[in-house]
Amino acid sequence: MIAALSLAAALAAGPAEVPKLQQARAFIEKHVNEALEQLKNKKLDQNARRKRVVEISERMFDLPLMAKLSLGRAHWGKLDEAQRKRFTELFVAQLKASYAEKVDLLTDEKVEFEEPVEKSPGKYEMPTAVVAKDKRYKMLYKLYLRDGSPVAYDVEIDGISVVRSYGAQYDQFLADKGVEELLARMAGQGLGEPAELKDKQKELGKKEPVPGAKKETGKGG
Amino acid sequence: MGRALWLGIALASALLVPARAAELEEGTPPAAAEFDEFAEFETEGSTRAVTSFDPLRGYNRFMFRVNDKFYFWLAKPLARGYGWLVPQPARTAVNRAYTNLRFPLRFVNCLLQWKPKKAGSELGRFLVNSTAGLGGLFDPADRWLGWRAPGDEDFGQTMGRWGVGDGFPVVLPILGQTNLRDGLGLTPGFLLNPVWYLADFETNFAVSAGEQFNYVSLHVGEYESIKKDALDPYTFIRDAYKQHRDKKIKD
């Protein structure tokens, strides 16, 4: 409480006076707490909750940058302008859909905020921990300064970086196949839900069906 | 005999690969200003994907598919049935009890990595939770004393800490993704798990299987979610596992 008040006072004095490190922490705290509030909001139905949480994630993450970093320098150079645009669109849509689904797997987790670290000038890491019923997950947000304000460009869950994980898959895919195939595949994955996830929702007592449910196409491997 | 020798050589050479020998692919050199972003964001030089050294890929992919079927056809339906019968708080308590039992494994590995503070923390938690926590079903050490569980240590991490490389990815039947080093580390891990000394082999096996089963019942939906997100679930899990283990070793 006192920390929040002093932070508020410092912010009132003008953003230049608040060290960027604290700004980074405040940024993550604000957005994560907002998201948690929405998740626990009983007045909204499930779809509305998901929508809100996805909106928050759009503000929290620089999604187009994540798309670019995930694809990686080697591949980005090989795409033309139209392909880059298309890739970014598909990546952003996929990430948002994936985030929205994760919302369904959460029940009453708590989040603990730890101390941010400046890894290099203008790059920050904000560690948090998600306390679920039987595990603690470490979620580490990586932030940079965009026009002077912090924004996240990656998140690591127990050491697993979203950018690197997608990157590894793109590397693997593009080793054998072409860019157009990748784009087609990403478009084909769609925003529907596998039946298993619907079952999980029923288990958690969430009765509303999710629209756009689609049968899973082709298994990996 | 010949095969055992081959395996021995492969093991020895794979384990001698230092832990950080990730293979990075050099892309086309940046030309335009937009490539500055890549330079800016590539920190430790290993932002790019982890090694794609996967000599057992054919076997791994096959076993991945087998495990996938096992999960959907057997493990999951049974775990869900169990989940309907047994309320979640009870299953969570059971999970805690099993976790508590793995204290010797964690403790020994904390010592082997010379982490006395962590070892002390494990010991304290074990004593409190086994007694006041009714055989580990509850976690008063955390709730009442604030002694949070430090990260789990195991033999794979100990070896990693000592500089042993992870070798290459291996997918084990049912147990799933691991790598050469961690897979080998499972054996001493079994020897230190009290579950295997309770009674006869069948009982011990059942108790151990019960643990996995209980765990699955608490985490239904996660694998499906991963599969949905991933372009190629096999690659995703393989590389995510490596990232995760590399991080745990550093901690």
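Bear in mind that the values in this text are calculations on the coordinates, not laboratory data. In this text the structure is predicted, and so the values were computed from the model without any measurement. Using ideal geometry, Cβ is built from the backbone for each residue, glycine included, and neighbour counts are taken over all protein chains shown.
Sorted ascending by nearby beta carbons within 10 Å, beginning with the fewest, A:LYS42, B:LYS250, A:LYS135, B:LYS118 become A:LYS42, B:LYS250, A:LYS135, B:LYS118. Which FRET efficiency value, to the nearest 0.05, do you get for B:GLU222 and B:TYR82 by plugging their Cβ-Cβ distance into 1/(1 + (r/R0)^6) with R0 = 22 Å? E(calc), rounded to 0.05, equals 0.85.
Mean projection of the alpha-carbon convex hull of the stretch B:122-200 over all orientations, in nm²?
7.0 nm²
Among A:TYR153, B:TYR197, a tally of other beta-carbon atoms within 10 Å of each Cβ gives an order, fewest to most, of B:TYR197, A:TYR153. With each label modelled as a point 7 angstrom along the Cα→C-beta vector, the B:PHE70-A:ASP176 pair spans 2.3 nm. Exposure proxy for A:SER120, A:SER165: other Cβ atoms within 10 Å of each Cβ, ordered fewest to most, give A:SER120, A:SER165. Amide hydrogen proximity for B:GLY176: with H placed 1.01 Å from N in the peptide plane, no residue at 5 or more positions away or on another chain lies under 5 Å. Each listed q (0.17 Å⁻¹) maps to a log10 I(q)/I(0) for the stretch A:71-154 from the Debye sum over equal C-alpha point scatterers, namely -0.97.
For the pairs A:LYS68/B:LYS118; A:LYS43/B:LYS228; A:LYS30/B:LYS76; A:LYS119/B:LYS115; A:LYS96/A:LYS138, flag any whose C-alpha to C-alpha distance is greater than 31 Å. Table pairs above 31 Å Cα-Cα are A:LYS68/B:LYS118; A:LYS30/B:LYS76.
Classify the stretch B:156-251 from the C-alpha gyration tensor, please: rounded if a/c falls under 1.5, else prolate or oblate depending on whether a/b exceeds b/c. Judged from the Cα gyration tensor, the stretch B:156-251 comes out oblate (a/c at least 1.5, b/c at or above a/b).
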